[in-house]
Each structure stands twice: as C-alpha cells, then as structure tokens.
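Reviewing the structure listed below.
The values are calculated or read from the model by the stated rules, or taken from the named source; none is laboratory data. Here the structure is a predicted model, which is why all the values come from computation and not from measurement. For neighbour counting, all protein chains shown are included, and Cβ atoms are generated from backbone atoms with ideal geometry for every residue, glycine included. SASA here: full protein model, heavy atoms, side chains in, ligands and nucleic acids out. Shrake-Rupley method; radii C 1.70, N 1.55, O 1.52, S 1.80 Å.
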Amino acid sequence: MELRSVSKTYGQGAAEVSALHELTVDFERGSFTAVMGPSGAGKSTFLHCAAGLDRPTSGSVWLGGTDLATLDEAQLTMLRRERVGFIFQAYNLLGSLTVAENITLPLLLAGRSADPGRLEHVARRVGLSDRLRNRPAQLSGGQQQRVAVARALITKPEVIFADEPTGALDSRTGRQVLALLREIVDRDGNTVVMVTHDPVAASFAQRVVFLADGTFAEVMEAPTAARVAARMTRLEEW
Ligand code: ADP
C-alpha cells in the first residue's frame, strides 16, 4: 500500500486548510508501521485517504495494483469491505450479535459465505475460540478488541488500519493487544498500519513514520518507547 504525493485541503479561499501536503509513503506487505505526529499533523486525514474513506485533493493512493482514484463510490465500498481491515479505538462491535457473528460480519456484507474453518482459525489466532457464542458485553475490553482484530482478519485483507487501538484499554491489556498485532504481522504476514499518539504502542511496530505539518517528517526503524517519546517531543517543539 502506497501514497504518492498525496495532498488534501479542506475548505476554500481564506478558509482553506492544508491537512496533507504531498505525502509520499510506502507500506510494504508484511510490515507493521506506526504513524505518529503532533496534534493537527494530518494523521486522521492520512488514515481516511489511505483507507479509501475520503479522497485526496491530489496525488494517488495505491492498494496492490489498484489506484483508488479510479474507483467509484460503490467500488470503494467493496474495496474497504474485502481488501482492507479496520480496528478502532472503541471496538465498534454490534452488541446484539454474537462474537462469531461480529467476526464474520465483513464476509456477510461482502456477500461471501463464512467458511467455518476460517472463523475457527481467526478465533484461535486471537485466543477467543471458547467465546464465539458470547455477546460483546460479556467480554472484557481486551477481549472485545481481540474480536475486532479477528473481524479485521476474516477477509484476509491486504492491509489492516488500526486507529488508536489501545486508547480505551489499560496499559497491560493494551500491550497484549499490541503484541497480538505484532504477531499477526511476524507470523502470518499481515500488513498493519496503526495511527497512535502513544510511544509505547508505537514501540510494538517495526518502524514509525512521523508526520509533521501534513507531510512526512522522518522514519524510525526498530523503535523503542523512549526514542519515540524523545522524537515526538522534538516534533511538538517545531
Ligand atoms: P491529526 O489527526 O494529526 O490531529 P488531522 O488530520 O485531524 O490531524 O488534521 C490536520 C489538519 O486538517 C488540522 O489543521 C485540522 O484542523 C484540519 N482538518 C481536519 N479535518 C478537517 C475538516 N473536516 N475541515 C476542515 N479542516 C480539517
């Protein structure tokens, strides 16, 4: 997945705001990247453009061999359902559905049948094989977020976007979810792009891409929480 010279402006004339400015960044298959930056740096805008939730003003977003700009709204919706996985801060599970139904919902929406073997596989992957008949409210926050990870995995997406995935969790539970994200990359070859402001969360990624003022500022390989925190402090002082 790749962004080439992506710009996004909101509003017009005197009210025009440049949220992204010619951002070029590449996310290799099988990699785990954290995207960080000070408030207003363009992280949410990046996520929306990269995931096909919003369209750039200029530049292009590529997923595999597909230029998202060539897709109409219906095709973009299909792409988001079938080729992209999402994990949100607030889990976004449906309370009236069972864990199994929540996990397989993306398949249902895509009009594909839920292969029982696939459901078992992803449930085992996230450690919830024995909770499939439960409702989300019967699970802890960490377990609910693991349901969300399983739901993101079910379609075998080309990229999984995580938006502050541990923002609602205590730090120990959060670390377990982050370790799981790292595992689905290292062991299973998934691609994860995580937006976060938390240096500890970022330290679970293989690299951190820092944004500042809507553009690429720098990249850090093999991040540690201390190095990330130090870099963030410097970017905020800019
Ligand atoms: P971050 O997620 O890093 O805090 P955002 O992507 O939310 O950054 O915002 C980047 C810039 O774009 C900010 O200056 C913000 O005020 C502006 N912005 C974001 N969304 C909108 C919008 N819908 N309308 C106008 N300005 C926006």
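So is ASP188 acidic (Asp, Glu) and either in contact with a helix residue (DSSP H, G or I) (Cβ under 6 Å, 6 or more places away or on another chain) or within 11 Å of ILE87 (Cα to Cα) (or both) or not?
When the stated conditions are applied, ASP188 does not pass them.
Going by what's in this entry, would MET1 be described as in contact with a His (Cβ under 8 Å, 6 or more places away or on another chain), within 30 Å of GLY141 (Cβ to Cβ) and either within 16 Å of the ligand (Cβ to nearest atom) or in contact (Cβ under 8 Å) with a residue 12 or more places away in the chain (or both)?
In short, no.
Residue by residue, here is whether (1) under 25 Å from PHE204 (Cβ atoms); (2) of a type in the set (A, V, I, L, M, F, W, C); (3) in a strand (DSSP E or B); (4) within 16 Å of the ligand (Cβ to nearest atom) holds:
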| residue | (1), (2), (3), (4) |
| --- | --- |
| VAL6 | no, yes, yes, yes |
| THR9 | no, no, yes, yes |
| HIS21 | no, no, yes, yes |
| THR24 | yes, no, yes, no |
| ALA41 | yes, yes, no, yes |
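Scan (1) surrounded by 23 or more Cβ atoms within 10 Å (Cβ to Cβ); (2) farther than 30 Å from ALA74 by Cβ for the single condition ALA150 breaks and write down its number.
(2)
I'm trying to understand the selection: among the residues of segment 167-193, which are without any contact (Cβ under 8 Å) to a residue 60 or more places away in the chain and open to solvent by less than 10 Å² (accessible area, probe 1.4 Å)?
GLY174, VAL177, LEU178, ILE184
Any chance you could count how many residues in segment 194-211 are surrounded by 19 or more Cβ atoms within 10 Å (Cβ to Cβ) and either in a strand (DSSP E or B) or among the charged types (D, E, K, R) (or both)?
7
Restricting attention to segment 26-55, and to residues there that are of a type in the set (A, V, I, L, M, F, W, C) and open to solvent by 10 Å² or more (accessible area, probe 1.4 Å), which single residue is farthest from PRO223 (Cα to Cα)?
LEU53
Under 8 Å by Cβ, and 6 or more places apart or on different chains, what pairs join a residue from segment 42-71 that is without any contact (Cβ under 8 Å) to a residue 24 or more places away in the chain with one that is within 16 Å of the ligand (Cβ to nearest atom) and part of a helix (DSSP H, G or I)?
Partner pairs satisfying both residue conditions: ARG55/CYS49.
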